[in-house]
């Protein structure tokens, strides 16, 4: 009885293994030493849109991904080290892509490498969630601009670049005039709309290399790489004039006061901010709707 059962198990083992591979919740392909696909399970068809007949004898690099051309996961390195694991984009039959977590493992027979087993999972939803969380961490929820915390990281970066390469950079702080009155008269919904439209106007009229964010309340900070104070003054004047043309009913007019300063080599970036702040306060004291350079 025991011998018969053992024999039956041996005969049915390949069938059981095949069923297991076909029922996996992840895509699995087997690649031989000539880098050709020899097997693909059902999940591969679901994830990629290819019929497995279209994949057999083809290169996974040509059809699906650059798995064996990446610096950290070359074919020869997998054979040498036994395993490689990474995230990448996979290409579907229709040309679209999706994020996948890939595990490539050497397949051995009698202790000799005969190919590589590539197992991959769709992690698009996870990547999109990570992206959303990252964007939430660095952006202002209302305007979509960078938030104060992230602006400080940019200031540190620009300071390092300026100190090393002797390149200038300047900053502009602008504060909307009489914003509290807008909120008090028209309500916070209109006030929020003003902030959103002002943010859009500023962003649309700056260079792609410039950094803009919401510094707090109705204050905005602009970081201008490779820009001296005279150039920054011109930028501020242009933005001030554009704001005067912005119409957001029922608000009759929108203006802002601007403070401008240029970074001085080796100084803490907080000092550059302090000078811009002092210039802004002076602009407010001199009647608002103007630009002051410290």
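The values are calculated or read from the model by the stated rules, or taken from the named source; none is laboratory data. Not measured: the values here are computed from a predicted model. Ideal geometry is used to build each Cβ from the backbone, glycine not excepted, and the neighbour counts take in all protein chains shown.
Side notes on the structure shown:
- Here 69, 59 are screened, and the one residue that is exposed (fewer than 13 other Cβ atoms within 10 Å of the Cβ) and modelled with pLDDT under 85 is 69.
- Members of the range 157-189 that are touching a residue at least 40 places away in the same chain (Cβ under 8 Å), farther than 20 Å from residue 259 by Cα and crowded, with 16+ Cβ neighbours inside 10 Å: 162, 182, 186
- Residue in the range 229-245 that is in contact (Cβ under 8 Å) with a residue 40 or more places away in the chain, touching a helix residue (DSSP H, G or I) at 6+ places or on another chain (Cβ under 9 Å) and over 29 Å from residue 160 (Cα atoms) present: yes
- Some residue of the range 190-206 being modelled with pLDDT under 95, farther than 20 Å from residue 293 by Cα, out of contact with any helix residue (DSSP H, G or I) (no Cβ under 7 Å at 6 or more places or on another chain) and assigned by TED's automatic domain parsing to the domain that holds residue 277: no
- Of the residues making up the range 122-156, those that are closer than 30 Å to residue 92 by Cα and surrounded by 13 or more Cβ atoms within 10 Å (Cβ to Cβ) are 122, 123, 124, 126, 127.
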